[in-house]
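This report concerns only the one structure given below.
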Amino acid sequence: MNKALEIHDSTLSEIKKEGLSITLCLGKAVMHHSTGEPGLDRGTCWIQKIEIRLKNPQIISEPDDIPNQLDFGYFVVNETKYTNVIKTPLHESVDTEVFFETFYGKELHVKAKGIEIIEIGEPTYLQGFEP
């Protein structure tokens, strides 16, 4: 089963600053599961807690209204841009950029030297997905 995190409709619940890293906690992340390409091919949607750990981060902008639901975003991992959806799990020690925009137009923008996307706990079924 292939999995991917969808930024739209996920909830950024906390930003933890821990020494030389930060963790973006998505308390309610929308996850696509598919035997094909998650988020593009037929499959299912689930809600799950996700942690996005960023190494040696440079915070460019940070929303002041957390927790908040996300409307849009992208990841750039080693010069490849992933708009709204990125496969999980992910662990890369490369140049990384994360950009999220909340439903109220507030932005989170971080550049880092590595990214790890971790699924926490068990997912809860949300709905089927038909492209």
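The values are calculated or read from the model by the stated rules, or taken from the named source; none is laboratory data. It should be emphasised that the depicted structure is a prediction, and the values quoted were computed from it without experimental measurement. Positions of Cβ are generated from backbone atoms using ideal geometry, with glycine treated the same way; all protein chains shown enter the neighbour counts.
Some notes on this structure:
- Filtered residues of region 77-110 (kept if closer than 25 Å to H33 by Cβ and aliphatic (A, V, I, L, M)): V77, V85, I86, L90, V98
- Qualifying residues in region 1-15 (those that are more than 18 Å from H91 (Cβ to Cβ) and of a type outside the set (S, T, Y)) - the one surrounded by the fewest Cβ atoms within 10 Å (Cβ to Cβ): M1
Quick grid of which residues meet (1) surrounded by fewer than 17 Cβ atoms within 10 Å (Cβ to Cβ); (2) under 14 Å from I7 (Cα atoms); (3) in contact with a Gly (Cβ under 8 Å, 6 or more places away or on another chain); (4) of a type in the set (F, W, Y):
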| residue | (1), (2), (3), (4) |
| --- | --- |
| S34 | no, no, yes, no |
| K55 | yes, no, yes, no |
| I66 | yes, no, no, no |
| V77 | no, no, no, no |
| E92 | yes, no, yes, no |
| D95 | yes, no, no, no |
| A112 | no, no, no, no |
| I117 | no, yes, no, no |
| I120 | yes, no, no, no |
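- Taking region 1-113 as the region of interest, the strands (runs of 3 or more DSSP E) fully inside it that hold 2 or more residues being out of contact with any Cys (no Cβ under 9 Å at 6 or more places or on another chain) and either modelled with pLDDT under 95 or closer than 25 Å to P131 by Cα (or both) are 2-18, 21-34, 43-55, 68-77, 80-83, 85-88, 96-102.
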